[in-house]
Amino acid sequence: MKAEFILKVVTPPLIIFALLVWLTIEHYISGWVMYLLWVIGFVIANIIVTKISTRWSIQRMREKRAKEEQKKNEND
């Protein structure tokens, strides 16, 4: 995997969870609000990671198809 891809996948959830940890430690959030924000944070982090991963996979498949078509055209 490319370092650029790994950085894009790791950075957003890291920021989200660092913010949630800080808010929890400083007692700005507690109780049900804390649980709700943590669940929302997990959902948002998963959506971001899935979106980035899907875009990367689609791009790789397109490049692979283009190379296969180029090889096919060269052989014809």
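Run through all the Cα pairs of the chain and give the fraction in each 5 Å bin from 0, expressed as whole percent.
Calculated P(r), rounded to whole percents: 3, 14, 16, 15, 11, 10, 9, 6, 5, 4, 3, 2, 1, 0.
In what order, largest first, do 20, 36 sit by accessible area if the probe radius is 1.4 Å?
If we order 20, 36 from most to least accessible, we get 36, 20.
For the chain, which chymotrypsin sites (Phe, Trp or Tyr not before Pro) are in a loop by DSSP, counting at most 11 other Cβ atoms within 10 Å?
28
Using a simple spin-label model with points 7 Å from Cα along the Cα→Cβ vector, what separation in nm is obtained for residue 65 and residue 37?
4.4
The values are calculated or read from the model by the stated rules, or taken from the named source; none is laboratory data. Computed from a predicted structure; not experimentally measured. All Cβ positions, glycine included, derive from the backbone under ideal geometry; neighbour counts span all protein chains shown. The accessibility values were calculated without ligands, DNA or RNA, using every heavy atom of the protein model including side chains. Shrake-Rupley method; radii C 1.70, N 1.55, O 1.52, S 1.80 Å.
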